[in-house]
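Only one structure is covered here, and it is reproduced in the block below.
The values are calculated or read from the model by the stated rules, or taken from the named source; none is laboratory data. It should be emphasised that the depicted structure is a prediction, and the values quoted were computed from it without experimental measurement. Here the Cβ positions follow ideal geometry from the backbone for every residue, glycine too, while neighbour counts run over all protein chains shown. When the accessible area is computed, the model is the full protein with side chains, heavy atoms only, and any ligands, DNA or RNA have been set aside. Shrake-Rupley method; radii C 1.70, N 1.55, O 1.52, S 1.80 Å.
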Amino acid sequence: MKKDIESRADIEWLVNQFYNKVNRDTLLAPVFSHVDWPHHLPIMYNFWSSILLGDQSYQGNPFLKHIHLVIDSSHFNQWLALFIATVDKNFSGYKADEVKSRAQSIAGVFQHKMGLLAP
């Protein structure tokens, strides 16, 4: 049986596994090719730790970092599919379900704000 997401170490492992998939994905890798990974990954650890563990380590506005990207709903769908697959392969439980739900919500809000979803 898989364990639930319980710690920052679990979140860091999840984020690393996920972005390894993103960087090998033919649709998403070009979007992320400009990313400074040593800088970006700790921000993602903080983001998800703040959401799941309530540690308030993330400061910022994630939407503003993404608004300039040339992406459409297919990118969001692929990002979400990879994220959920990564969670499901490695974790099970309340926090695992929560992180998937939060990712779906974030993808929906970003698409709505970017005008990619019908009102």
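Around ASP88, with a cut-off of 9 angstrom between Cβ atoms, what is the net charge of the other residues, counting Lys and Arg +1 and Asp and Glu -1?
Surrounding charge for ASP88 is +3.
Highest mean first, the peptides 28-38, 75-85 sorted by other C-beta atoms within 10 Å per residue fall in the order 75-85, 28-38. Once you have a ≥ b ≥ c as the square roots of the Cα gyration tensor eigenvalues for the chain, tell me rounded if a/c is under 1.5, and otherwise prolate or oblate according to whether a/b is larger than b/c. It comes out rounded by the Cα gyration axes. Bridgeable lysines around LYS113 (alpha carbons under 23 Å apart, same-chain partners fewer than 8 residues away excluded): LYS65, LYS100.
Among residues other than LYS2 whose Cβ falls under 9 Å from its Cβ, what is the net charge (Lys/Arg +1, Asp/Glu -1)? Numbers along the way, then the final one.
Working: positive: LYS3, LYS89; negative: ASP4, ASP88.
Computed value for this residue: 0.
Accessible surface of the chain, 1.4 Å probe: 57 percent of it comes from carbon and sulfur atoms.
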